[in-house]
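The values are calculated or read from the model by the stated rules, or taken from the named source; none is laboratory data. For clarity, every value in this text was computed on a predicted model and none was experimentally measured. All Cβ positions, even for glycine, are placed from backbone atoms using ideal geometry, and neighbour counts span all protein chains on display.
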Amino acid sequence: MESTSASAVAFSAAFGVFLIILISLKINISIMTPDMIEKFVTTKIKKGMTVNIHFKDRHTVTGLFIHTPDYEELKSKNFWRIVNRQNFEQWKESKDISLARLFNGATFTRLSEDNS
């Protein structure tokens with residue numbers, strides 16, 4: 001009787017660990033911190049290069065991270081001004097900040113170079 005009870009407890013514990021592993025694989029618990037994002041985009045901003053921004057729950061956005069007067073304040077809150085690829089030429093000519101959108105860096109899953 002005791003071995004059956006011990007087996008049930010061991011099975012229950014193993015099953016609990018298994019569920020925790022499954023949940024942690026399904027939920028992306030890592031987020032991109034402001035330091036991670038800045039490290040990737042610093043040289044891209046200086047060179048005017050566009051970047052692919054990948055998200056967990058939406059399509060990839062290709063755009064240009066821009067450095068505005070509120071850059072440091074936004075970065076401290078993990079927010080980023082990004083000009084979408086479609087508005088890039090117009091932004092280069094006008095530097096109109098209204099062509100940029102604000103994105104929360106915590107929603108990024110990864111960044112990659114735009115090779116197009």
Those residues of segment 86-116 that are more than 18 Å from THR43 (Cα to Cα) and part of a helix (DSSP H, G or I) come to a total of 12
Looking only at segment 62-112, count how many residues are touching a helix residue (DSSP H, G or I) at 6+ places or on another chain (Cβ under 8 Å) and either hydrophobic (A, V, I, L, M, F, W, C) or in contact (Cβ under 8 Å) with a residue 60 or more places away in the chain (or both).
13
Confirm whether LYS47 is surrounded by fewer than 10 Cβ atoms within 10 Å (Cβ to Cβ) and at pLDDT 85 or above.
yes
Output the residues belonging to segment 29-70 that are of a type in the set (Val, Ile, Thr) and in a strand (DSSP E or B).
VAL51, ILE53, VAL61, THR62
Members of segment 57-116 that are more than 22 Å from LYS39 (Cα to Cα) and basic (Lys, Arg)
ARG58, LYS92, LYS95
Scan segment 71-85 residue by residue and report those that are part of a helix (DSSP H, G or I) and in contact with a strand residue (DSSP E or B) (Cβ under 8 Å, 6 or more places away or on another chain).
TYR71, LEU74, ARG85
